[in-house]
1. Going by how many other beta carbons lie within 10 Å of each one, how would you line up H250, H121, fewest first?
2. If Lys and Arg each add +1 and Asp and Glu each add -1, what is the summed charge of the other residues whose beta carbon sits under 9 Å from the beta carbon of E144?
3. What's the exposure ranking of M118, M265, going from fewest to most Cβ atoms within 10 Å?
4. Cβ neighbours within 10 Å, averaged per peptide: list 89-100, 170-181 in order, most packed at the top.
5. Return C259, C211 ranked ascending by Cβ neighbour count within 10 Å, so the fewest neighbours appear first.
Amino acid sequence: MSEHVQPEHVQSEHGQPDHRESEHRESEHRESEHRESDRGPSERAESDRAPGLVARGLTVRYGGVVANDDIDLRVRPGSVVGLIGPNGAGKTTLVDAVTGFTPAEGEITLNGQSLTGMPPHKRKAGGLARTWQSAELFGNLTVEENLLVSARKVGFASLVRDVFGRAGAGRSADRALETVGLTDARGSLARDLTLGQQKLVGVARALAGRCDLLLLDEPAAGLDSNESREFGARVREIAKSGPGVLLIDHDMSLVLNVCDVVYVMEFGKVIFTGTPAEARVDASVAAAYLGSPMEEADA
């Protein structure tokens, strides 16, 4: 993977780094997480009906192996939540469980609606959108055509929608491309784009449909430091537009700079939940993920 970049900070009027915005955001989420942990059963049940993704007691077993062990996770609308951990920690298994590709015990709700037991396509229709580590684009189609093709469904009802709803689909694609900054590339062939642009097309494809929660599975894989930094800026813009974002990646600079809350996994368990600032100095996180202080991730 490419070398990580120095964390970017907002500049004050005197030209010095202004940490106030990120510190305020982290403080709000820290207080919110503490309030959540202090709630009783009835209050937590009420919380499950609140906006955003709520996963409680997620457990995935492969025979005698417990890949995910009683995991609780929450992603609020407008927030970016990071999920990190060493290889084999169970991160992708958790994403597969949330999206319905892997059977799991526990409860999952999105905006108060239960997704538990639903197949992947119904979870997607319910607003749970996912990108994949591989962009999986049609290289011989334009960027816009990739978005429109991915939105198509089969059946007579879908044929009717194709005939009468093409303009609406086009507007949805336009909005998605604008969100990820690829409006000018709509007519370009997907194969002619940079890897960073191809990753953003994959995100736009997820946003073009109903998207209340966006799961990004290692989106920075293969990106250089500049592309990773630009991708992170787009992720923040996406969150500002409404949906919550769950970001899984090994690029520590990306995760620590764009996320509001970080979950750290090891051996199928969540061993830490907190802000990026707290994660940087947590001894258990350093030992599990890096084996050294997390400040080195910014070097």
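Every read-out reported here was derived from the displayed coordinates using simple, explicitly stated rules and does not represent laboratory data. No experiment lies behind these values; they were computed from the predicted model shown. We place every Cβ from the backbone using ideal geometry, glycine too, and count neighbours over all the protein chains shown.
1. Lowest count first: H121, H250.
2. -1
3. Ranking M118, M265 by Cβ neighbours within 10 Å, fewest first, gives M118, M265.
4. Numbers: 89-100: 22.3, 170-181: 17.8.
Descending mean neighbour count gives 89-100, 170-181.
5. Final ranking by Cβ density, sparse to dense: C211, C259.
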